[in-house]
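Just below is one structure, and these are the notes that go with it.
We did not get these values from a lab; they are worked out from the coordinates using the rules stated. If you're wondering where the values come from, they're calculated on a predicted model, not measured in any experiment. Please note: Cβ atoms are built from the backbone with ideal geometry, for glycine as well, and neighbour counts cover all protein chains shown.
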Amino acid sequence: MTMSTQPAIKIPSVKTEVFETVFGSLSHYTKGSIELVTGKKSHYAFSNIFEVAGQSAPYEKIVVGLNLGYVIETLRAEGTSPWFTCAHDEFVISVDGSVRVDFLKLDAATAQGDGTQLAGELPKGRPMGYVLLKRGHQALLPAGCAYRFEASVPCVLLQQTVQGALSVEKWADICLK
């Protein structure tokens, strides 16, 4: 066995800044801001999803992001939602709290057109199961099924979909002025 005669390499120490990640919630958030490099404040959309959800009715789908017809909506999940359906896949993320998502495979597809639509009080179909979402969890809301949310305490959801009849735009109310 031979030992290396090479001297140990010394790595200079580097001072690093320590950053703390703080997660917001419906009951505790800090309103953010933007720092403009160029342009005017009125040219930018910026809103706090927790503030928007806190000022919204349960399951009101408030648009907080829009790009070529695709939207990100924030929803205040509280109690049991109506049944929804869609002609295309959607995604939902819990960003605060826990929510149950129940699924039905519809006997006949009812959704036509873009965006989320109401599926009726009790849509006809067979149960597909459910998903329990906690903060940071995401679920697919598949085309051709009905789904509803249930939250025992108020929480916040982000939903990705196509802009439709249930999408509510409140830019004047939710953006920085």
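For the stretch 112-122, enumerate the residues that are among the aliphatic types (A, V, I, L, M) and loosely packed, with under 10 Cβ neighbours inside 10 Å.
122
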Kindly check whether there is at least one residue in the stretch 94-102 that is within 11 Å of the chain's Cα centre (by Cα) and of a type in the set (Lys, Arg). no
Within the stretch 47-65, which residues are surrounded by fewer than 17 Cβ atoms within 10 Å (Cβ to Cβ) and either under 11 Å from residue 158 (Cα atoms) or within 10 Å of the chain's Cα centre (by Cα) (or both)? 65
Of the conditions (1) assigned to a strand (DSSP E or B); (2) surrounded by fewer than 19 Cβ atoms within 10 Å (Cβ to Cβ); (3) of a type outside the set (A, V, I, L, M), residue 88 satisfies every one except a single condition; which number is it? (1)
In the stretch 104-117, is there at least one residue being within 29 Å of residue 24 (Cα to Cα) and of a type outside the set (S, T, N, Q)? yes
Checked against (1) surrounded by fewer than 17 Cβ atoms within 10 Å (Cβ to Cβ); (2) in a strand (DSSP E or B), residue 109 satisfies every condition except (2)
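Would you confirm whether or not the stretch 128-142 contains a residue that is touching a Ser or Thr at 6+ places or on another chain (Cβ under 6 Å), more than 11 Å from residue 161 (Cβ to Cβ), of a type outside the set (Phe, Trp, Tyr) and not in a loop (DSSP other than H, G, I, E, B)?
yes
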Output for the stretch 155-177, where each listed residue is surrounded by fewer than 17 Cβ atoms within 10 Å (Cβ to Cβ) and either part of a strand (DSSP E or B) or in contact with a Pro (Cβ under 9 Å, 6 or more places away or on another chain) (or both): 160, 168
Among the residues listed as 169, 150, the single one being among the acidic types (Asp, Glu) and in contact with a Gly (Cβ under 8 Å, 6 or more places away or on another chain): 150
Failed condition for residue 162, given (1) touching a His at 6+ places or on another chain (Cβ under 7 Å); (2) free of Cβ contacts under 8 Å to residues at least 40 places away in the same chain; (3) β-branched (Val, Ile, Thr), with all others met? (2)
Name the single residue that is nearest to the chain's Cα centre (by Cα) among those in the stretch 71-82 being surrounded by fewer than 21 Cβ atoms within 10 Å (Cβ to Cβ) and part of a strand (DSSP E or B). 72
Looking for whichever is buried (at least 20 other Cβ atoms within 10 Å of the Cβ) and more than 23 Å from residue 135 (Cα to Cα) here; the options are 68, 104. Which one fits? 104
If we keep just the residues of the stretch 152-167 that are within 15 Å of the chain's Cα centre (by Cα) and among the hydrophobic types (A, V, I, L, M, F, W, C), which is nearest to residue 53 (Cα to Cα)? 156
When the stretch 91-106 is checked residue by residue, the ones that are part of a strand (DSSP E or B), under 22 Å from residue 54 (Cβ atoms) and of a type outside the set (A, V, I, L, M, F, W, C) are 94, 96, 100
